[in-house]
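Chemist: The structure follows.
The values are calculated or read from the model by the stated rules, or taken from the named source; none is laboratory data. None of the values given here were measured: they were computed from a predicted structure. Please note: Cβ atoms are built from the backbone with ideal geometry, for glycine as well, and neighbour counts cover all protein chains shown. Note: accessible area is taken over every heavy atom of the protein model, side chains too, but ligands, DNA and RNA are not part of it. Shrake-Rupley method; radii C 1.70, N 1.55, O 1.52, S 1.80 Å.
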Amino acid sequence: MILRIRSRDGTDRITVPDAATTTVADLQRLIESALTVPVAVQRLSLDPALLLPSTVSSAAAPLLSDPSARLASLRLTNGAFVYLAYPPGARSAGPPPPKALSAAGSFGRKMTMDDLIARQIRVTRQEAALCSAASFDRDAANAFQLHVAESLAFAVKRAGFLYGRVDAETKEVFVDFIYEPPQQGSEDVVQLMRDPSEEARVDAIAEGLGMRRVGLVFTQAVGRKASETGEYTMSNREVVQAAQLQAEGGIPEWVTAIVKLEVGDDGTGDVHFEAFQMSEICVKLFKDGVLETEVGDNDDPRLSKMRKEVVAGGKDTMEVDNDFFLVPVKISDHQGPLSVGFPIENRGSPVGMSALRSHLDRVKHLPFVKRISDFHLLLQISVFLDVKADVPALAACVKTQSRVPEGYQLLIESLASQG
């Protein structure tokens, strides 16, 4: 027999071997095993009033208080609901994402207790990330932060897409290059002016390298908007952008990295990288249209507005502290397979063929495949190649460090000679 266990975190299904012999105590142990809610804090009832918010009394809901009572004596049938209440935070693993809100019924429809409970969304902290760690190629990360520190002085925001690999066993993300799309940054907003044609070439290069898009990186400006209610890790605008791109990313291990300048008491500044995932409930709220995507200039940047009431911190609210949505990810670095010596795209000054000639001359002592083992160089010459065939094929040579076909080498050298 299957019982549906409904809590304020959603509905789960528990399989009961035999209603005639299974007791309430047995059910509680099954719930502890499947839902990680300790028996000692469980309150079970057949009355949905158990789960109503504090604005409606739930004290009258009769509890299943006899642990020796057989489920058959409670007249439970296959698919029946059992209502479960427990203190906030008692569930050791993150709850399954709640179901999307459905539209209200016809005008004047009377709401039942089940309707009230089903329409609630509970926002809780996600205890563990779906990505075990994020490792950044040292040269790629350094090239990104140097540009922001030296050319932009952390005065405006800058962003890039992270590309690399996901270890299927450990779920660790390895970031091997950073693509910086066309963009316009200010102190509080970075607007990505995305170019589908260029992104198709980037993805084709990544495919040939055995990589894919794995995340987002953005910087925080030193003059970003302050909050009257305290410090914050990520602003409401950043939460919306990060949730949108994680939803688009299509992999559970998607990582969002923040680069910021922290100034010490002595006036010296240190650049810090931090990595997070947006929680599953945050991404779901965005997909379901509950997370407000329009942010006003007077809104508190520490709080994300909702379009419908949610339960957060045990309270019904229309605003959620952004920290509820952040799941920290361990960060490290590595030496990846690519070099980072070619000028980086979309940084204001166009990159011409003279840059290609200079680059090839500077590394002429290396084998040709090693000379072109730079994502930003491959992106520059990809304009002159077929994006579906030639670009992945050339990138595959870089991946395996095998001999570059003569036709590709002649084309690249010809392009360089025009500089």
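Chemist: Restricting to segment 48-71, and then to whatever is loosely packed, with under 15 Cβ neighbours inside 10 Å and at pLDDT below 90, can you tell me which residue is farthest from ALA19 (Cα to Cα)?
Modeler: Filtering segment 48-71 for residues that are loosely packed, with under 15 Cβ neighbours inside 10 Å and at pLDDT below 90, the one farthest from ALA19 (Cα to Cα) comes out as THR55.
Chemist: Select from segment 115-133 the residues that are open to solvent by 40 Å² or more (accessible area, probe 1.4 Å), within 27 Å of GLU274 (Cα to Cα) and among the small types (Gly, Ala, Ser) and write down the one among them that is modelled with the lowest pLDDT.
Modeler: ALA128
Chemist: What pairs can you find where one residue is in segment 361-379 and under 20 Å from GLU345 (Cα atoms), the other is hydroxyl-bearing (Ser, Thr, Tyr), and their Cβ atoms are less than 7 Å apart, with a gap of 6+ or different chains?
Modeler: Once the first residue is under 20 Å from GLU345 (Cα atoms) and sits in segment 361-379, its partners that are hydroxyl-bearing (Ser, Thr, Tyr) give SER373/SER339; ASP374/SER339.
Chemist: On to the next question. Which ones in segment 236-290 are of a type in the set (Ser, Thr, Tyr) and at pLDDT below 95?
Modeler: Matches in segment 236-290: THR268 only.
Chemist: Of all residues being of a type in the set (Lys, Arg) and in contact with a Ser or Thr (Cβ under 6 Å, 6 or more places away or on another chain) in segment 144-171, which is surrounded by the fewest Cβ atoms within 10 Å (Cβ to Cβ)? Just the residue, please.
Modeler: Ranking the candidates gives LYS171 first.
Chemist: Are there any pairs, at least 6 apart or on different chains, whose C-beta atoms fall under 7 Å, with the first in segment 308-334 and closer than 16 Å to ILE121 by Cβ and the second open to solvent by 60 Å² or more (accessible area, probe 1.4 Å) and not in a strand (DSSP E or B), and if so, which?
Modeler: Cβ pairs passing all conditions: VAL311/ARG8; GLY314/PRO88; PHE324/ARG125.
Chemist: Here is a list of conditions, (1) over 26 Å from ASP333 (Cβ atoms); (2) of a type in the set (S, T, N, Q); (3) open to solvent by 50 Å² or more (accessible area, probe 1.4 Å), and ASN236 meets all of them except one; can you say which number that is?
Modeler: (3)
Chemist: Okay, next question. Determine if segment 362-375 includes at least one residue that is hydroxyl-bearing (Ser, Thr, Tyr) and part of a helix (DSSP H, G or I).
Modeler: No.
Chemist: For the condition within 30 Å of TYR232 (Cα to Cα) and modelled with pLDDT of 95 or more, what is the one hit in HIS376, HIS334, HIS359?
Modeler: It is HIS334.
Chemist: Across segment 250-268, which residue is farthest from LYS308 (Cα to Cα) among those that are assigned to a strand (DSSP E or B) and open to solvent by 40 Å² or more (accessible area, probe 1.4 Å)?
Modeler: Here the residue is VAL263.
Chemist: Looking only at strands (runs of 3 or more DSSP E) that lie completely in segment 140-224, which have at least 1 residues being out of contact with any strand residue (DSSP E or B) (no Cβ under 6 Å at 6 or more places or on another chain) and among the basic types (Lys, Arg)?
Modeler: Ranges flagged: 212-220.
Chemist: If you go through segment 344-359 one residue at a time, how many are in contact (Cβ under 8 Å) with a residue 40 or more places away in the chain and open to solvent by 50 Å² or more (accessible area, probe 1.4 Å)?
Modeler: Total satisfying the criteria: 5.
Chemist: Read through the list (1) under 30 Å from ALA128 (Cα atoms); (2) in contact with a Phe, Trp or Tyr (Cβ under 8 Å, 6 or more places away or on another chain), then give the number of the only condition that VAL311 fails.
Modeler: (2)
Chemist: Look through segment 30-47, keep the residues that are closer than 14 Å to LEU64 by Cβ and not β-branched (Val, Ile, Thr), and return whichever of them is most open to solvent (accessible area, probe 1.4 Å).
Modeler: ARG43
Chemist: Let me spell it out: the conditions are (1) open to solvent by 30 Å² or more (accessible area, probe 1.4 Å); (2) of a type in the set (Ser, Thr, Tyr); (3) touching a residue at least 60 places away in the same chain (Cβ under 8 Å), and SER279 meets all of them except one. Which number is the exception?
Modeler: (1)
Chemist: Which condition does ALA312 not pass, out of (1) modelled with pLDDT under 95; (2) surrounded by fewer than 19 Cβ atoms within 10 Å (Cβ to Cβ), if it passes all the others?
Modeler: (2)
Chemist: Regarding segment 239-249, can at least one residue be identified that is over 24 Å from LYS284 (Cβ atoms) and either open to solvent by 50 Å² or more (accessible area, probe 1.4 Å) or not basic (Lys, Arg) (or both)?
Modeler: no
Chemist: Just to be sure I understand, how many residues within segment 1-52 are part of a strand (DSSP E or B), more than 23 Å from GLU280 (Cα to Cα) and β-branched (Val, Ile, Thr)?
Modeler: Here the count works out to 3.
Chemist: Tell me the residue from PHE218, PHE174, PHE136 that is touching a His at 6+ places or on another chain (Cβ under 7 Å) and either open to solvent by 40 Å² or more (accessible area, probe 1.4 Å) or modelled with pLDDT of 95 or more (or both), please.
Modeler: Of the residues listed, the single one that is touching a His at 6+ places or on another chain (Cβ under 7 Å) and either open to solvent by 40 Å² or more (accessible area, probe 1.4 Å) or modelled with pLDDT of 95 or more (or both) is PHE174.
Chemist: Among the hydrophobic types (A, V, I, L, M, F, W, C) and within 38 Å of the chain's Cα centre (by Cα): is that true of LEU378 in this structure?
Modeler: Spelling it out, LEU378 is indeed among the hydrophobic types (A, V, I, L, M, F, W, C) and within 38 Å of the chain's Cα centre (by Cα).
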